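*Asks:* Could you have a look at this structure, given as structure tokens, before my questions?
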Amino acid sequence: MIAIENYVETMFMNLPETEEIQHLKNDILLNMIEKYDELVSQGMTENEAIGSVISEFGNVDELLNELEIKKETKNNNIFKNDFPTLDLDEIDEYIAIKRETAVGIGLGVIGCGMGVAAILMGLQFNLIIIGIITCIAIVAISVGLFVMNGLKLSKFNHLEKGFFLNHRNREYIVAEDKNYTKSFTMALVIGIVICILSSIPVLIGSQRADYILLYTAVTVVISTIGCFFLIYAGCVKSSYSFLLENAIDESISQKELDRKMFWKKFNDSFWLIIVAVYLLISFVFNNWSISWIIFPVAGVLSGLWVKEN
């Protein structure tokens, strides 16, 4: 039985893992197993049955030619080397590093909040020098966390240009994204609730003016803890979105790939122009009150052609 499964896997290993190919492979495997069971029940040994099944089904070249799958695979070889192919291990590594960096960046934000709190407490207790020194030390550690975690992700910068992803791995990412939805929602709720509750200390402090800076420091720290959950949830969720949005199906034709790459480059240039227009309107014409509208409008337009292509 294992020999038949390995034989079928070998026949299809050089073909794109599209939904059509998967169905074809499953049908052939099912038919071969049924034939194998039938021959064994008729008195053949396992080895004889396997040999008979393989010789009867032969290879699938004629069937693939009818479906024009073989031709499509050859076309892919022309441009496949232009983009990396992401396998399951690399997908898991990327998501794992995104989780690690999310924690690091979140802790860095908490550190910045503690630095601000240190200055406020220094002012509250007339220990300004100690507060400033403590703030500088904590912020330095926080900046180190930002830089270190940014470097961790730099090894995946090349994926922004696009990468090949087979059907099975795409379905894996979609499933993982769906499984994370509950955790994502919970993290968002926790983060938002903590941010709202962080206002309580400063409200209490408003009734005790002598310690208002102390209560404000507590509010700052608590709010950054809430931000930690929001940052973590957003970073992990964005890892799945990034993989799905930048992935290129292995069965894509050259024409479709060219079109996809054109719109990707167009979208990148589009946002550079939008930022330039925003700055021009804001600084030259001093219309800060309305210039921000360009971003939601641009977002809607960008979403239209990105989704379409």
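The values are calculated or read from the model by the stated rules, or taken from the named source; none is laboratory data. Keep in mind that this is a model prediction, so the values were computed, not measured. When the accessible area is computed, the model is the full protein with side chains, heavy atoms only, and any ligands, DNA or RNA have been set aside. Shrake-Rupley method; radii C 1.70, N 1.55, O 1.52, S 1.80 Å.
*Asks:* Under the Kirkwood approximation for Rh and a Cα-based Rg, what ratio Rg/Rh is obtained for the range 170-231?
*Replies:* My calculation of the ratio gives 1.29.
*Asks:* Follow-up. For the chain, what is the accessible area per residue in Å², given a 1.4 Å probe and the full set of protein chains?
*Replies:* Roughly 60 Å² per residue, with all protein chains present.
*Asks:* Please state the equivalent ellipsoid semi-axes for the chain: what are the square roots of 5 times the Cα gyration tensor eigenvalues, largest first, in whole Å?
*Replies:* Gyration-tensor ellipsoid for the chain: 56, 27, 16 Å.
*Asks:* Report the Stokes-Einstein translational diffusion coefficient (µm² s⁻¹, integer) for the range 235-294, Rh taken as the Kirkwood radius over Cα pairs, at 10 °C with viscosity 1.306 mPa s.
*Replies:* This corresponds to a translational diffusion coefficient of 111 µm²/s.
*Asks:* Checking the a/c ratio against 1.5 first, then a/b against b/c, what shape does the Cα gyration tensor give for the range 102-223?
*Replies:* oblate
*Asks:* Please arrange HIS167, HIS23 by accessible surface area, largest first, computed with a 1.4 Å probe and ligands excluded.
*Replies:* HIS23, HIS167
*Asks:* Could you give the radius of gyration (one decimal) and Dmax (whole number) of the Cα atoms in the range 152-309, in Å?
*Replies:* According to the Cα coordinates of the range 152-309, Rg and Dmax are 21.8, 71 Å.
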